1. Among ALA206, THR262, ALA288, whose Cα sits farthest toward the positive end of the charge dipole of region 195-325 (+1 at Cβ of Lys/Arg, -1 at Cβ of Asp/Glu, about the Cα centre)?
2. Viscosity 1.306 mPa s, temperature 10 °C: Stokes-Einstein D of region 128-243 from its Kirkwood Cα radius, in µm² per second?
3. Could you give log10 I(q)/I(0) at q = 0.11, 0.12, 0.18 Å⁻¹ for region 260-375, computed by the Debye formula over C-alpha point scatterers of equal weight, without solvent?
4. Report the one residue of LEU175, VAL121, TYR91 whose Cα lies farthest in the direction of the positive end of the charge dipole of region 81-180 (charges on C-beta: Lys and Arg +1, Asp and Glu -1; origin at the Cα centre).
5. Enumerate the calculated ³J(HN,Hα) couplings along region 311-318 in order (Karplus 6.51 cos²θ - 1.76 cosθ + 1.60, θ = phi - 60°), each rounded to whole Hz, writing x wherever the residue is Gly or Pro.
6. Using 7 Å Cα-to-Cβ label points, what is the ALA109/ALA123 separation (nm, one decimal)?
7. Among the GluC sites (Glu not before Pro) within region 306-375, which fall in a DSSP loop and have no more than 10 other Cβ atoms within 10 Å of their own Cβ?
8. Quick check: residue separation of ARG25 and ARG153 times 0.36 nm, minus the Cα distance between them. What number comes out in nm?
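Read-outs throughout are calculated quantities, based only on the coordinates presented, and are distinct from any laboratory measurement. It should be emphasised that the depicted structure is a prediction, and the values quoted were computed from it without experimental measurement. Glycine gets a Cβ as well: all are built from the backbone with ideal geometry, and neighbour counts include every protein chain shown.
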Amino acid sequence: MENGRQVAVLGGGVIGLSTAVQLLRGGAEVLLVTEAEIGSGASGRSLSWLNAGGGYGEDYYRLRMAGIDRYRTLLARSPGIDWLAFDGGLYWDDDPFAVVDRHNAQSRAGYDARLLDRDDVPAYVPGVDPGVLPHRALVNPGEGWVSLPHLVRHLAEEFTLRGGTLIEHAGLCTLVAADGGGPVRGLRTAGGEEYAADAVVVACGAGTPAVLAGAGVELPDSSDLAMLVISEPVDHGLRAVLNTPRISLRPHPGGRLAMDHTWYLDRVQRLDDGTWSVDLEVLAELAAEASRVLAGHPEVVPQSWQPGLKPVPGDGEPVLGELAALPGCWAAFTHSGATLGLIAGELLADEILTGRRHPLLEPFRAERFAYGEES
Ligand SMILES: Cc1cc2nc3c(=O)[nH]c(=O)nc-3n(C[C@H](O)[C@H](O)[C@H](O)COP(=O)(O)OP(=O)(O)OC[C@H]3O[C@@H](n4cnc5c(N)ncnc54)[C@H](O)[C@@H]3O)c2cc1C
């Protein structure tokens, strides 16, 4: 695509904004349309641990490391921000063999991984009570965290400065395609307004499969319930991200903590009117666990809790790139969209602006699911 052509981005989460900003930097005219406010999807309620330590295949590992690289550049260029940090990660498990296996797999991949005796951990990871640790724990000094609502606002400022057009509260939008399938010609808001575009990016998080299904493309979908809890300000001294058997925990701007886990999800329910019901005991138990693992055991008080869907493609790997069945339509549907937020936007925009497929995205095309006749 020649620079200066019009691109419509559907979805105002981190991936939509990051793609939109990269497109503007490359000279495209960009319209960003989203259901409600920007950042109101998964990007508004994410733990956002920046990592590549989960024992992935080589391609996914490389993409995640590139994702971390872009955050390091952002941090170097934005000294003083309090919403992005690389102060490492600490992992432990009830099963000591799982920790050793994780360490060995990470070391083989060249990931910075140190298996430490319990008493050596505080020197690497301040703010944790070593008394709660098993004999050994795994430290990953290269890991970090980001607050996505802050990043989304940061990207939105650049989006506006570069002349992007933003439409919020557009409701659930649909694609406008030629009869009987692609190419895609634009999008339609819930209110029926149509916007023409030369290319459309669908970055609707857990809503992506529904948007594509409306245009005849079925994507396997394992999106799942998740809930992030943010605390009141607390004197905690924690800088790293903790991943433990009963809680994942990180610092949050304003002296707060952000925390989540999966053990309580059967106590969170979606009601018929679309709102959520949360067993308040869950919040008390999660806050108590945060207090238990922190040095000095400060009182942790939940301030807000946000349940909702977390986008996860059917096979757990990202879906990124133009859809063969819908030319002119790029999909971005991924788990770990915090880690991938910047790199995904950069690579998608590069493909749209240059017309060349990016080799890093080859393993992540939707066609691997062999949908429809075009696959
Ligand atoms: C509790 C939790 C913990 C997480 N932890 C991590 C982690 O530790 N590390 C990590 O890397 N990732 C993590 N993630 C995942 C990461 O946050 C998401 O992958 C990422 O935020 C997804 O961004 P997105 O832009 O794709 O989607 P979203 O942020 O969901 O944005 C999509 C937007 O599209 C809008 N939309 C949907 N359908 C339509 C439609 N039809 N028309 C118009 N607009 C539409 C939505 O309203 C939404 O605003 C976590 C997520 C959660 C919820």
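1. ALA288
2. Details: Rh = 18.9 Å.
Result for D is 84 µm²/s.
3. -0.59, -0.67, -0.93
4. LEU175
5. Once rounded to whole Hz, the list reads x, 9, x, x, 9, x, 9, x.
6. 2.7
7. Details: sites: GLU322, GLU346, GLU351, GLU367, GLU373, GLU374; in loops: GLU373, GLU374.
Of the GluC sites (Glu not before Pro), the ones in loops of region 306-375 whose Cβ has at most 10 other Cβ atoms within 10 Å are GLU373.
8. Gain on extension, ARG25 to ARG153, equals 44.4 nm.
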